[in-house]
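The structure appears right after this line, and notes come after that.
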Amino acid sequence: MTAINAVTDLTIDGDVAVVTLNHPPVNALSQAVRDGIHQGIAQALANPAVSAIVLICAGRTFIAGADISEFGKPPAGITLPEVHAAIENATKPVIAAIHGTALGGGLETALVCHYRVAVPSAKVGLPEVKLGLIPGAGGTQRLPRLVGAEKALDMIVTGVPIGAKAALEAGVIDELAPEHSLRGHAIAFARRVVAEKRPLAKVRDRDDRILPARGNSALFEAFRKANAKKYRGFEAWLKAVQAVENAVNLPFDEGMAREREMFLALRDSTQAKAQRHVFFAEREVAKIPDVPADTPSIVVNSVGVIGAGTMGGGIAMNFLNAGIPVTIVEMKQEALDRGLGVIRRNYESTARKGRMTAADVEKRMGLLTGALDFNALANCDLIIEAVFETMEVKKDVFGKLDAIVKPGAILASNTSYLNIDEIAAITRRPQQVVGLHFFSPANVMKLLEIVRGEKTSKPVIATAMQLARRIGKVGVLVGVCYGFVGNRMLAQRQREATKLVLEGAMPWDVDRVLHDFGLPMGPFAMSDLAGLDLGWSRETSKSSTLKEILCEMDRRGQKTGAGFYDYDENRAAKPSPVVEKAILDFAAKQGITRRAITDDEILKRCLYPMINEGAKILEEGKALRAGDIDTVWINGYGWPVYTGGPMFYGDTVGAANVLAAMKDFEARFGADFKPAALLERLAAENKRFADL
Ligand code: T1G
């Protein structure tokens, strides 16, 4: 074995050369990797004893793509297209041996090889759209030549990888190798290729799979139409469709040139920069400066959930899905039965959609135990309360739990706003108390705000962060303050949205502006969905707010067929003349002279105070990084990933521009718009939140 460079070695096994990459964690195509492949192939070709070449990776996976951390830096070393040309034009067969995830540039490298073998657990895909890109090293031109236009469109536009078996059926790989003998099998395959004198087949020369779609522009138009809503606001996917259409209709080299052009334009686009930021931010959140990765954690093999309502049931499902037994406690039998029934029905409806088998449903339900007594939680490793959102109820529950559960148990509150320190203080184990704030629907939304109390211990923090990953959530560590990070910033937007409607806009104007920005729905549509009567009671209602007035009119949201909007039998929302009148009357009663309000003012008054609040959250240390705040909003509220999150968006607008608008609003609308000191500082120093 000879070392080509620090990340590549070359072994000659009989008449087969094996080029092995070893660049943890995912063998990304860094400059050294590109250089190593290039030199390894050259040396193998120059060796007369070698009749075939295997390209394989050490570690957890075949090449998982270009090295994203190199983007935005000046190109250095040999380019990927040059490496690919050397492989594709090799005079000896090159076989890619795939395990783990061959993604992006990794799959593109396998596609320039003459043959591909993979173990059954391997996956292959082109996820570049998830980074705001399209494949930039031939993926859009070669994949259609193996799998056809429709399959290529699906793989490239969704960015979702396929398993090795499906890849074999689709024609991406030539043969499956036994799970634990990939290297040996690939070498034997290479020898067979030589012995059988198989041709040096280049994917680029095949057109049998693309001919059926040639000239069929209707196929691509239909695909664009069918996906326009799903990818609303994203740019890269349309370029990907165009690139596949080029593969079908243009000579290979011309298609490649167009692909490169589009890739380079996208790589420097704001959307791609935003999605790259999110890719790294969502991984950075797991890194807590004073809680190192080797902090001892607590074993969690059983979970108790208090409250079997919407939140409690959803929370329980997360753990059942991860195979962790759950004991769920309610106060009354009928509430418990109802809660257990909802969980079962949720699973059964998933099974009906074919995303789960009936056996899976029974397996999960078999892990669930209902109880009416806290004593049933005595041996749970973690107990999460999802009871009524008042401090006295929470304190009562924690006081009782503290006396019942075992010493090492973690006590967690699902509170959305309340002070974890105050709750912890009534227990004898404040170091075991933490906030686990799930977002509704708890079994769907990926965000989990992990609220660190003053006394929460490091093992408990480490355990919570690991648990988030184990149940498929993105765990973000936040500090104790009203509404933590997400809801604290949301309150800024809700306040402004309500004021805008009194001052001159209508709910549907505000919702349209924020929906066009890329949010899944605007604040008023969201209120109708959640119900306008959260915390409302007819006894105490005194027409003092728009929400009270609507609830008094029994317009309590979608559930009553009317809220801010009127809903038809399919729950399609329509602006309501009744609401319009109620708003005009209410504004008149408040002595407000309404005025025309521009979309630009609506957008800035809703979003900039959120960015400003994010700056305060960073100043107060209630979030570790701006990227953590972006991660909260993307995973908890559907903030459009192609703008990077509220803080990345603030950087895109520019701190000086956000500050100028905030100052203008402060002069016109008062202290709600007082700029955060950090925002002033960034503007003065021409810096970004990302630079912190
Ligand atoms: N470049 C650089 N670092 C990467 C990386 C990449 N492509 N992929 C992962 N990492 C780092 C990641 O930051 C983390 O670092 C560690 O590896 C483990 O990742 C020309 C231009 C491969 C499925 O989009 O989907 O090729 O936090 O925590 O959950 O057309 O990583 O440990 O310091 O996610 O086991 C296309 C992106 C690139 C694949 C593994 N490729 N990566 O998941 O581990 S663009 C991708 C993933 C491209 C070509 C174009 C996942 C994974 P740290 P992880 P995981």
Virtual spin-label span in nm between residue 534 and residue 570, 7 Å along Cα→Cβ = 2.8
What's the extension gain from residue 599 to residue 299 if we count 0.36 nm per residue and subtract their Cα-Cα distance?
-> 102.9 nm
Using θ = phi - 60° and Karplus 6.51 cos²θ - 1.76 cosθ + 1.60, couplings along the range 648-663 (whole Hz; Gly, Pro as x) | 5, 5, x, 5, 5, 5, x, 4, 5, 6, 4, 4, 4, 5, 4, 5
Amide N proximity, the range 26-48 versus residue 6 label position 7 Å along Cα-to-Cβ, cut-off under 16 Å = 26-37
Which distance in nm do the two modelled labels at residue 422 and residue 365 give, with both placed 7 Å along the Cα-to-Cβ direction?
-> 4.1
Give the span of the range 79-180's Cα atoms along each principal axis, as three whole-Å numbers ordered largest to smallest.
-> 34, 30, 22
Would you kindly derive the ³J(HN,Hα) couplings of the range 496-506 from the backbone phi angles with the Karplus curve 6.51 cos²θ - 1.76 cosθ + 1.60 (θ = phi - 60°), listing them in order in whole Hz, with x for Gly and Pro?
-> 5, 4, 5, 5, 4, 6, 6, 7, x, 8, 10
Rounded to the nearest 5, the percent of antiparallel DSSP beta bridges in the range 434-517 equals 40
If only Cα atoms are counted, what is the Rg of the chain, and what is its Dmax, in Å?
-> 28.6, 93
Hey, got the dipole for the chain? About the Cα centre, +1 on K and R Cβ, -1 on D and E Cβ, debye to the nearest 20?
-> 620
Any chance you could run the full-extension gain for residue 60 through residue 188? It's 0.36 nm times the residue separation minus the Cα-Cα distance, nm to one decimal.
-> 43.9 nm
Intensity falloff of the range 209-250 expressed as log10 I(q)/I(0), Debye formula with alpha-carbon point scatterers, at q = 0.19 Å⁻¹ = -0.55
Per residue, the convex hull enclosing the alpha carbons of the range 2-256 has a volume in Å³ of 119
Radius of gyration and Dmax over the Cα atoms of the range 303-480, both given in Å | 15.3, 47
Gain upon complete extension [residue 217, residue 559; 0.36 nm per residue less C-alpha separation] | 118.7 nm
In nm, spacing of pseudo-spin labels at residue 249 and residue 495 (7 Å Cα→C-beta vector) | 5.4
Sequence-distant lysines (8 or more away, or on other chains) whose Cα lies within less than 28 Å of residue 363 | 123, 165, 332, 353, 406, 446, 473
Scalar couplings 3J(HN,Hα) for the range 306-312 by Karplus 6.51 cos²θ - 1.76 cosθ + 1.60 (θ = phi - 60°), nearest whole Hz, x for Gly and Pro, are 9, x, 10, x, 4, 6, x
What order, most packed first, do the peptides 582-593, 203-214 have when packing is the mean number of other Cβ atoms within 10 Å of each residue?
-> 203-214, 582-593
Rounded to 5, the percent of DSSP beta bridges in the chain classed as antiparallel | 35
Alpha carbon Rg of the range 1-76, scaled by the compact-globule rule 2.2 N^0.38 Å = 1.13
Hydrodynamic radius by Kirkwood for the range 216-371, inverse mean 1/r across distinct Cα pairs, in Å, is 20.5
Bounding extents of the range 1-151 in its principal axis frame from Cα atoms, largest first in Å, are 43, 35, 28
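Values in this text are rule-based calculations from the coordinates and carry no lab data. Computed from a predicted structure; not experimentally measured. Cβ coordinates were reconstructed from backbone atoms using ideal geometry, including for glycine residues, and neighbour counts include every protein chain displayed.
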